[in-house]
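Enquirer: Quick one: this structure, given as structure tokens, is what I'll be asking you about.
The values are calculated or read from the model by the stated rules, or taken from the named source; none is laboratory data. Predicted model only: the values in this text are computed from it and were never measured. Every residue, glycine among them, receives a Cβ derived from its backbone with ideal geometry; neighbour counts consider all protein chains shown.
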Amino acid sequence: MLEVKNLQVRVEDKEILRGINLSVKAGEVHAIMGPNGSGKSTFARALAGHPGYEVTGGSVNYQGHDLLDMDPDERARDGVFMAFQYPVEIPGVNNAYFLKAALNAKRKQQGLDELDAMDFMALVKQKLKILHVDESMLMRSVNEGFSGGEKKRNEIFHMAVLEPTLAVLDETDSGLDIDALRVVADGVNAMRSPERSFIVVTHYQRLLEYIVPDYVHVLADGRIVRSGGRELALELEEKGYGWTEPALRQGAGQAGARQ
Amino acid sequence: MATLAQAAPAWLNERRESAARQFASVGFPTTRLEDWRFTNVSPIAEANWPLAQGGFAQAEALTAAVTIPGAVRLVIVNGQFAAGLSDLSVLPKGLRIASLRDGARDATDGIETYLGKVFSIASHPFAALNTSFLDDGVAIMVTKGAVVETPIHIVIVTGSDLPSEASAKGGQPVVAHPRVLIVAGEHSQVRVAQTFIGVPDTAYFNNAVIEVVVGPSALVQLYTDQRESDQAFHIANIQAHVEAKGVFESHAFSTGARIMRHDIGIGLKGEGADCTMNGVYLADGERLMDTHTSLDHARPHCTSHQIYKGILAGKSKAVFNGRIIVQLDAQKTDAKQTNRALLLSDDATINSNPQLEIFADDVKCTHGAAVGQLDEEALFYLQARGLNRAEARDMLLHAFAGEVLEGLKIPALREQVEANFFTRLRQDSAGQDGGHAPQDTEGR
């Protein structure tokens, strides 16, 4: 589904990603872990197509297409979804109205009929129930005045409605208490399917107790320095990120990810 | 119109002559005057503007284009009340309407008392010019205690179909001086909309004066939709006087004219009066849109709420000057002013100037001015959910203007105003790519 080869990304004049290799197959959940400043969020934003993140080398193939050649909205309509680390507050834009426009943009691209207000509400109510999201959230402006937990839940709610093929969760666990974390994780788990893949970016192992990944990758200084199964996350939890440093010093450029 | 002028009552002739003397002594304002520093009206002052002579064929179609179903319709064509285009078939109880010419001649109650008396023309040269030509217009009188639910729609049409140098089909440059007087008696309520429209793509000079008297505990909501021809010069003085516990709302929506100047002045003259003065304008191309607001808190316990928002594209210019005077006697004043502008292009400019003059000591006055660009992070967020850049931009602009558009309580008018607004925005976005360099790279 996703084939990332030697991806290099610059932000302003700083090299952040120095050659990421990652292969994600349909139905897999990959966790990307790493200390602050390792490039985790940069990787997520580059996949979503943030204009401030300049790709200076490498390639990303998504379902046979060159992802890097697509605008952010084309990527979204093609099934790539990123749950933001910092969801943006947009005063005056109604959450439901926006989500309906986004869903219909995607349906239009897929050659499906656009949903009218009633069909949309029926769909949305069903999703709200699964995620324990309060209906009032629909009628508010997008993220405006939402608590940290509400913002993250709203992201997962958007994901549930848009039903992406590849979902990238950028530190969705940060700032969530245990109950909210469980709700978010349940929402993600309910969406796991053989056709859908997830890239879960997180600093802490905690989220992975609830969203159990198939693979864990550790990012340090813009490269993947270790890859393994679920147990790698536990090892990290125990030993801390300092533990990855020897690998880094050994010239981790080639260590890379699971090929 | 000489014969009609002669038929006018002596008091009206006297007010005209006094205004003419006033204008003759000050003339057209120049940019040396503080109030006109950023707005150069020499294209108006230096051109020759024959006074428009009554109706013209296109006026009917222009009126039809902005008709609000179910409203009482009053049409002013080139400053003259046009009975034939107006619709007074359903005249609600408590509402009296006259053309100013007939009303003045027949000594209709209130006209002599208020016409030209709501504000001082000494500080408004264009209002003096209007008054010196005062001949016709409309008077809307709401009797004491009347609650008028039917909206009143004044359509102010300007232009000419006499051949011009540019076109045989019409557009000879003309000047008109439309005049409106609204007097709401004690405890009455009324909702008035006015649409300024003219022959598209032609030059004319429309110089309007609207006077509003809000009686004790009365409510007047005034909506102004300014959609003049792109070549027109539009000057309007909207001046209101609010008595004790009266409520006045002015909501202005502006998209037209080559040069627009609005002077909106509200005097809170009675204790406990309240006013709202909101506006949103869209300046594109080489348009100049100037709004000068003035709020006179003359008495205690009055409140005022002001939100002005501008969207500027192309090489447009805008001016916002918001003056608030809190007089010595006006204790417990609560005044709030917000002025925001979005610059969609690097070539657009705005001069924003809040001007607070506070003489009382127990008051609450806040003002805020912000000029910015579209939030790139918000644009990216919307795009990352699947909206293309133009859709995302439209959504953000709609949200920006929404706070002011929501004040429009006549649904049919709101539809018209929004449709006009967003059609123009789309034309504007077609002309530029809308791309800005990314600015925000925090939090990686």
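Enquirer: For the range B:355-379, what are the residues that are at the interface with chain A (Cβ under 9 Å from one of its Cβ atoms) and among the acidic types (Asp, Glu)?
Expert: Listed by number, the residues that qualify are B:Asp375, B:Glu376, B:Glu377.
Enquirer: I would also like to ask the following. Would you mind stating whether A:Leu208 is touching a residue at least 40 places away in the same chain (Cβ under 8 Å), away from every other protein chain (no Cβ under 14 Å) and in a helix (DSSP H, G or I)?
Expert: Considered against the rule, which asks whether it is touching a residue at least 40 places away in the same chain (Cβ under 8 Å), away from every other protein chain (no Cβ under 14 Å) and in a helix (DSSP H, G or I), A:Leu208 comes out as yes.
Enquirer: While we're looking at this one, here's another question. Quick one: count up the residues across the range A:89-98 that are at the interface with another protein chain (Cβ under 7 Å from one of its Cβ atoms) and among the acidic types (Asp, Glu).
Expert: Here the count works out to 0.
Enquirer: Within the range B:75-95, can you find the residues that are part of a loop (DSSP other than H, G, I, E, B) and among the charged types (D, E, K, R)? Walk me through it before giving the result.
Expert: So in the range B:75-95, the residues part of a loop (DSSP other than H, G, I, E, B) come out as B:78-79, B:82, B:86, B:88-94.
Selection gives B:Lys93 alone.
Enquirer: Follow-up question, since we're still on this one. For residues in the range B:380-393 being within 32 Å of the chain's Cα centre (by Cα) and surrounded by 18 or more Cβ atoms within 10 Å (Cβ to Cβ), which is nearest to the other protein chains (Cβ to nearest Cβ)?
Expert: First pass over the range B:380-393, keeping only residues within 32 Å of the chain's Cα centre (by Cα): B:390-393.
Adding the requirement that they be surrounded by 18 or more Cβ atoms within 10 Å (Cβ to Cβ) leaves B:392-393.
Values: B:Ala392: 8, B:Arg393: 12 Å.
Result: B:Ala392.
Quick grid of which residues meet (1) buried (at least 20 other Cβ atoms within 10 Å of the Cβ); (2) at pLDDT 90 or above; (3) farther than 23 Å from B:Val175 by Cα:
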{"residue": "B:Leu51", "(1), (2), (3)": "no, yes, no"}
{"residue": "B:Gly54", "(1), (2), (3)": "no, no, no"}
{"residue": "B:Ala59", "(1), (2), (3)": "yes, yes, no"}
{"residue": "B:Ala64", "(1), (2), (3)": "no, yes, no"}
{"residue": "B:Val72", "(1), (2), (3)": "yes, yes, yes"}
{"residue": "B:Ala82", "(1), (2), (3)": "yes, yes, no"}
{"residue": "B:Asp87", "(1), (2), (3)": "no, yes, yes"}
{"residue": "B:Leu95", "(1), (2), (3)": "no, yes, yes"}
{"residue": "B:Leu100", "(1), (2), (3)": "yes, yes, no"}
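Enquirer: Quick one: how many residues across the range A:1-28 are acidic (Asp, Glu) and in a loop (DSSP other than H, G, I, E, B)?
Expert: At the first step, the residues of the range A:1-28 found to be acidic (Asp, Glu) are A:3, A:12-13, A:15, A:28.
Retained after the next criterion (residues that are in a loop (DSSP other than H, G, I, E, B)): A:12-13, A:28.
Qualifying residue count for the region: 3.
Enquirer: Would you mention how many residues in the range A:65-88 are closer than 17 Å to B:Leu374 by Cβ and either at pLDDT below 95 or touching a His at 6+ places or on another chain (Cβ under 9 Å) (or both)?
Expert: The qualifying residues number 1.
Enquirer: Here's something else I'd like to know. If I ask for residues that are surrounded by fewer than 16 Cβ atoms within 10 Å (Cβ to Cβ), in a helix (DSSP H, G or I) and polar (S, T, N, Q), which ones from the range A:142-190 would you list?
Expert: The one that is surrounded by fewer than 16 Cβ atoms within 10 Å (Cβ to Cβ), in a helix (DSSP H, G or I) and polar (S, T, N, Q): A:Asn189.
Enquirer: When you go through (1) surrounded by 22 or more Cβ atoms within 10 Å (Cβ to Cβ); (2) modelled with pLDDT of 95 or more one by one for B:Ile325, which number turns out not to apply?
Expert: (1)
Enquirer: Could you tell me which residue of the range B:96-149 is farthest from B:Ala45 (Cα to Cα), considering only residues that are outside any loop (DSSP other than H, G, I, E, B) and aromatic (Phe, Trp, Tyr)?
Expert: Selected residue: B:Tyr114.
Enquirer: Hey, which of the strands (runs of 3 or more DSSP E) in the range A:29-112, taking only ones fully inside, have at least 2 residues that are within 17 Å of the chain's Cα centre (by Cα), more than 23 Å from A:Lys151 (Cβ to Cβ) and without any contact (Cβ under 8 Å) to a residue 40 or more places away in the chain?
Expert: none
Enquirer: Name the single residue, out of those in the range A:32-88 being within 9 Å of chain B (Cβ to nearest Cβ) and of a type in the set (Phe, Trp, Tyr), that is farthest from A:Ser174 (Cα to Cα).
Expert: A:Tyr53
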